[in-house]
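This report concerns only the one structure given below.
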Amino acid sequence: MPNVNWERNIFGMIPQTDWLDVGFNVTRPNDPIDGLFGDLKTDNLVAEWESIANEYQIPVMAQFHGFDIESQTTFRVPIDTHNIEKGLIKVKINQSERMRALTRSGVQNDAMFDYVINDGVRLADQVFTRSKVAKNELMATGKVTIKENNLNLTVDYGVPAANTAYTIDFGASATDDISTQIQEIIDDATDKGVTINGMMTSKKNITKLRKDPSLQVLIGGTAAQGQLIRRADLEAYLETEFGIGTIITNDLTYGKSATIGADGRPVISTARYFPQNKITFFATNPGGKLGTGLWGNPPEVDDFQIRVGSSGVSPYVFVSQWFEQDPHVLWTKASALFMPVLYNPDSLFIATVQN
């Protein structure tokens, strides 16, 4: 990019308008959690949360009244709103340090613009990654916990404790076979007026289902015992017998933390988005969703009040920069306000796998 005009003539500071294209690509095509929890940008996180909760809660029956009898007073189902605006995700990088290294490598002024922009894109992607971790935690536990950077809070979605206490026992000493264990979960959901139509787990647990002797006999007959069940046959059985038509495997990982090793290079510890030992049975709404990820405006928006064009659309993640004299550093930061919303607390039935 020729003739770069740095903001305030500070080397490496990008004009804020040039950051507007960063922070919009929140959906990852290969991430299965985005198929169940979408993303929605709002200017008022609490109001949007309350609106969604009221729309999707199970309706309470009104009653017949005599003409001279006062109407019965109803109530709103309480929802946890006092924690959601604490979902501030942010990360920054020492841009000056990065640019000095690039300059020593021969990078010229015109090319530096792209390097700085790419740093901002990577920072925004780290914010997106934290949102995926939160969505998956909600899927696997029924809650979202934030225990980092002096925060220690739990967002409670009202998922009943009984809904998260199931087990699927693959051990030889299990009281019931796998089919019976799954049927018990389906029956409990049905008793609550919920129709299970999908499940999320790891490929390892899918393989366990395919190797299970009782399922091998149920699906393929006595002669099929000891033979690995074809994936298509397992899926057909789960849909026909239990109505589980959507089977999602999630074995994706992310970099949870990083330290600098003895050689000066980063050492990144990885973690799974969705636990390997969990099977979550779920009931989506007619649109195939369990909830949505609500994105609000971080405090930085108050400083520039930026919108894109006349549409009023703003990015999910804001990238900003500032310069400080002591230390003599230019910083680049990505920040967003985020919290996932679960439409129906009774839409999740979570089982822990035992061997």
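Determine whether the stretch 329-347 contains at least one residue that is part of a loop (DSSP other than H, G, I, E, B) and surrounded by fewer than 19 Cβ atoms within 10 Å (Cβ to Cβ). Give the steps one after another, and end with the answer.
As a first pass, look at the stretch 329-347 and keep what is part of a loop (DSSP other than H, G, I, E, B): 343-344.
Checking the rest, the ones that are also surrounded by fewer than 19 Cβ atoms within 10 Å (Cβ to Cβ) come to none.
Scanning the stretch 329-347, I find no residue that is part of a loop (DSSP other than H, G, I, E, B) and surrounded by fewer than 19 Cβ atoms within 10 Å (Cβ to Cβ), so the answer is no.
Residues in the stretch 173-221 that are exposed (fewer than 14 other Cβ atoms within 10 Å of the Cβ) and either on the phi > 0 side of the Ramachandran plot or of a type in the set (A, V, I, L, M) (or both): G193, G221.
Residues of the stretch 29-46 that are under 23 Å from G120 (Cα atoms) and touching a Leu at 6+ places or on another chain (Cβ under 9 Å): N30, D31, D39, L40, K41, T42. Here T292 does not qualify as open to solvent by less than 20 Å² (accessible area, probe 1.4 Å), at negative phi and either over 17 Å from the mean Cα position of the chain (by Cα) or at pLDDT below 90 (or both).
Looking across Q276, Q225, one residue alone is touching a residue at least 40 places away in the same chain (Cβ under 8 Å), open to solvent by 60 Å² or more (accessible area, probe 1.4 Å) and not hydrophobic (A, V, I, L, M, F, W, C). It is Q276.
Residue pairs whose Cβ atoms lie under 9 Å apart, separated by 6 or more positions or on different chains, with the first residue in the stretch 117-132 and of a type outside the set (V, I, T) and the second open to solvent by 30 Å² or more (accessible area, probe 1.4 Å) and part of a helix (DSSP H, G or I), are D119/R98.
Of the set (1) farther than 18 Å from A336 by Cα; (2) open to solvent by less than 60 Å² (accessible area, probe 1.4 Å), all apply to L123 but (1). Scanning the stretch 129-161 for residues that are of a type in the set (K, R) and either open to solvent by less than 20 Å² (accessible area, probe 1.4 Å) or part of a helix (DSSP H, G or I) (or both) yields a count of 3.
The values are calculated or read from the model by the stated rules, or taken from the named source; none is laboratory data. The structure presented is a predicted model; accordingly, all values stated were derived computationally and were not measured. For neighbour counting, all protein chains shown are included, and Cβ atoms are generated from backbone atoms with ideal geometry for every residue, glycine included. Ligands, DNA and RNA are excluded from the accessible area calculation, which covers all protein heavy atoms including side chains. Shrake-Rupley method; radii C 1.70, N 1.55, O 1.52, S 1.80 Å.
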